[in-house]
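The values are calculated or read from the model by the stated rules, or taken from the named source; none is laboratory data. Keep in mind that what you see is a predicted model, and the values were worked out from it rather than measured. Note that we place each Cβ from the backbone using ideal geometry, even for glycine, and neighbour counts take in every protein chain shown. Ligands, DNA and RNA are stripped out before the accessible areas are found, and what is left, the full protein with its side chains, is counted by its heavy atoms. Shrake-Rupley method; radii C 1.70, N 1.55, O 1.52, S 1.80 Å.
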Amino acid sequence: MAIVSLFYALPSSANIYGSLSFTFLLIGLFFFVDGLLLVITASKQQEKLLRLRQSLLEDDPQIVASAEEFMAQRKALTKQGEITGIYIVHNATKDLYYVGQSAKAIDRAAIQFLGRGNCDVYADYKYGDSFNIRIIPLSGSCYESLNELKRAAIQALETADEVLY
């Protein structure tokens, strides 16, 4: 009798282990597909950020000037109308970037070179480093707020391995 019950128990335990193996296989397959989707999504996001970096630094923003040109023209620029947007200050000598935002981006960018903004930017400017300023308006961008636009700009620069102040 014990031998007969043993033979009956073997097939039932094989079904239990077989169903467990199938369950683990499904779980493993799920995690593999999930990981693959994460990699694809991250790759697409990085590609998007690199395109944003290119549009911020290489395409035509509303204002691009060296620090000297910008400071000389800032009063004329503000008379044309202040810009709500972000400003990107590039220290061309050290290849460093500073990104700021303001409802008055022209005035706020100028403050960086008057000693009332980022102290590192001002110190580098004071000691003769070469700078370029870009102002990118919020209007016309695909972002709803200055915070979103600035955050995306910083993330795009970091993704491209640019160094920020």
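With the whole protein complex present, VAL39 retains an accessible surface near 100 Å², based on a 1.4 Å probe. For CYS119 and GLN155, the FRET efficiency from 1/(1 + (r/R0)^6), where r spans their Cβ atoms and R0 equals 30 Å, is about 0.80. Between GLN73 and THR23, what's the calculated FRET efficiency when r is the beta-carbon distance and R0 is 45 Å? Round to 0.05. So, using R0 = 45 Å, E works out to roughly 0.05.
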